[in-house]
Amino acid sequence: YDRFRRLRHLFLPRADSHIPTLLSSMPGGKVIHVSSQSEFEAAYTSGVVVVDFFANWCGPCKAIAPLFEQLASVLEDVTFLKVDSDQHQSLSARFEIKSLPTFKFFRDGVLTRTEMGANQQMLESWIRLELAAYNDTTRYTSGTKVILHSLDVDKYNGKVAEIKSFQKGRYAVNVGGKTFSMKPGNLRGIHNFRVIEEGKQEKKAFIDATATWDDSEGKYIIENVSPSTGGLSVKHSVAKKHLEIPKNCKCRVVGLAKAPKYNNRFVTVLEEIQDDGR
């Protein structure tokens, strides 16, 4: 990257050049021009995010800028960020920017794709592929029951809500007859799990609950939905062999040591592999 900075005079227009300064003449639109690291941290961790690392002296960066702005106005479910690599060298170093422009793609804060160069023919396809992959695994459908959490208004934390619709990266949810707009990170899916109890006669019971794997205990932490309060009951642990995960359940991947790039991604459960415990 330092080498590109030293050579930037080769890309700057001469005084008599008629090349327009597209980055400054284009309207801001729906592209977020990152002004600080804290702004970047708040913006890139939710939903599908594409980040354009650029520099004002970079000709290819200027050439693709209008398309980036145009796509931002069309693809409303995607967050578009621009990071000036000269002004934010710490972010450039963090994401190993070696050429400009470089596009980084994230799903819920997880880096999923890196593309270098001003490829105007492929940029839209890359973004749409990321959006399609994200929607296939993470989007809750209308009518899905979810639990609210990590909200500033504490009285709604732990409440059961129903998904109404999804638009511009947020869900419209119904809570007690009221509709609120929520970020995906504030929702946890409720699923109909089958709990198997051992004894003289095997018993099976279906419960509406959330489940989180506790690696330290080697068990699932279950929180049942209470019909009386509309929230969650007391947590209790269930051994893996006593809990059947339903098909099409949306889960977050954790604890992968050999393939850490998949940690924190959402996946959809297809089926249990018999006799394999997976």
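The values are calculated or read from the model by the stated rules, or taken from the named source; none is laboratory data. Because the structure is predicted, anything quoted here is derived from the model rather than measured. Glycine also receives a Cβ, built like all others from the backbone with ideal geometry; neighbour counts cover every protein chain displayed. All accessible areas refer to the heavy atoms of the entire protein, side chains included, with ligands and DNA or RNA removed. Shrake-Rupley method; radii C 1.70, N 1.55, O 1.52, S 1.80 Å.
Here are some notes:
Table: residues versus (1) open to solvent by 60 Å² or more (accessible area, probe 1.4 Å); (2) more than 21 Å from the chain's Cα centre (by Cα); (3) not charged (D, E, K, R).
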| site | (1), (2), (3) |
| --- | --- |
| HIS88 | no, yes, yes |
| PHE95 | no, no, yes |
| THR102 | no, no, yes |
| LYS155 | yes, yes, no |
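- Tabulated pairs, segment 155-183, first closer than 24 Å to ASN224 by Cβ, second open to solvent by less than 80 Å² (accessible area, probe 1.4 Å) and among the hydroxyl-bearing types (Ser, Thr, Tyr), C-beta under 7 angstrom, 6+ apart or interchain: ILE163/TYR140; ILE163/THR144; ILE163/TYR171; TYR171/TYR140; VAL175/TYR156; MET182/TYR171
- Subset of segment 124-170 [within 30 Å of ILE222 (Cα to Cα), assigned to a helix (DSSP H, G or I) and among the hydroxyl-bearing types (Ser, Thr, Tyr)]: TYR134, THR137, THR138, TYR156
- Of all residues making up segment 243-265, the number that are among the aliphatic types (A, V, I, L, M) and open to solvent by 90 Å² or more (accessible area, probe 1.4 Å): 1
- Hits in segment 120-154 (condition: free of Cβ contacts under 8 Å to residues at least 60 places away in the same chain and under 14 Å from LYS183 (Cβ atoms)): ARG139, VAL146, LEU148, HIS149, SER150, LEU151, ASP152, VAL153
- Enumeration of residues in segment 119-134 that are open to solvent by less than 40 Å² (accessible area, probe 1.4 Å) and either small (Gly, Ala, Ser) or modelled with pLDDT under 85 (or both): ALA133, TYR134
- In segment 104-123, the residues that are within 14 Å of ALA55 (Cβ to Cβ) and either in contact with a strand residue (DSSP E or B) (Cβ under 6 Å, 6 or more places away or on another chain) or outside any loop (DSSP other than H, G, I, E, B) (or both): MET116
- Boolean, LYS82 is touching a Leu at 6+ places or on another chain (Cβ under 9 Å) and assigned to a helix (DSSP H, G or I): no
- Where a residue in segment 68-84 is polar (S, T, N, Q) and its partner, wherever it lies, is buried (at least 19 other Cβ atoms within 10 Å of the Cβ), with Cβ under 8 Å and at least six apart: THR79/ILE32; THR79/TYR44; THR79/GLY47; THR79/VAL48; THR79/VAL49; THR79/VAL50
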